[in-house]
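Take a look at the structure below.
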Amino acid sequence: MAYAIIKTGGRQYRIAEGDTIDVDLLAIEAGKTATFGDVLMYADGENLTHGTPLISGAKVTGEVVEQRKDKKVIAFKFKRRKGYHRTVGHRRKLTRVKIKSISIGKVIIAPSDIAEN
């Protein structure tokens, strides 16, 4: 099964066609198409293609399913015997994306090139 590794929002995600992932908030409405151009690696069953650091001409397209919030994360600060305690919490804003297609452009790897390296 073919998969790719993309970078968005400072994080890297391993994706395949049909996967649903949560990424940091994107300014795209639900139902619209999102395109990710930062493809770091692509692999099908036989060949592996990686960029330096990105694969030129490669892109991943997906449909934005929804905008949502993550579970609440609570940070509790406490210093013993000093009467000091603080509770701080936050919820990350996320975009849920369903991956539709992965295209790597016109990168062609010949079997003879693999054998020589």
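Quick notes on this one:
- Against the criterion of being without any contact (Cβ under 8 Å) to a residue 60 or more places away in the chain and exposed (fewer than 14 other Cβ atoms within 10 Å of the Cβ), Gly9 qualifies.
- In the range 63-76, of all residues being in contact (Cβ under 8 Å) with a residue 40 or more places away in the chain and in a strand (DSSP E or B), the one that is nearest to Ala4 (Cα to Cα) corresponds to Val65.
- The range 77-100: number of residues that are in a strand (DSSP E or B) and surrounded by 10 or more Cβ atoms within 10 Å (Cβ to Cβ): 10
- Residue in the range 12-29 that is farther than 17 Å from Gly105 by Cα and among the small types (Gly, Ala, Ser) present: yes
- Qualifying residue in the range 64-76 (condition: surrounded by 11 or more Cβ atoms within 10 Å (Cβ to Cβ) and either under 15 Å from the mean Cα position of the chain (by Cα) or among the aliphatic types (A, V, I, L, M) (or both)): yes
- Selection count where residues are among the hydrophobic types (A, V, I, L, M, F, W, C), in a loop (DSSP other than H, G, I, E, B) and under 15 Å from the mean Cα position of the chain (by Cα), scope the range 8-54: 4
Coordinate-derived values only; no laboratory data. Just so you know, these numbers come straight off a predicted model, no measurement behind them. All Cβ positions, even for glycine, are placed from backbone atoms using ideal geometry, and neighbour counts span all protein chains on display.
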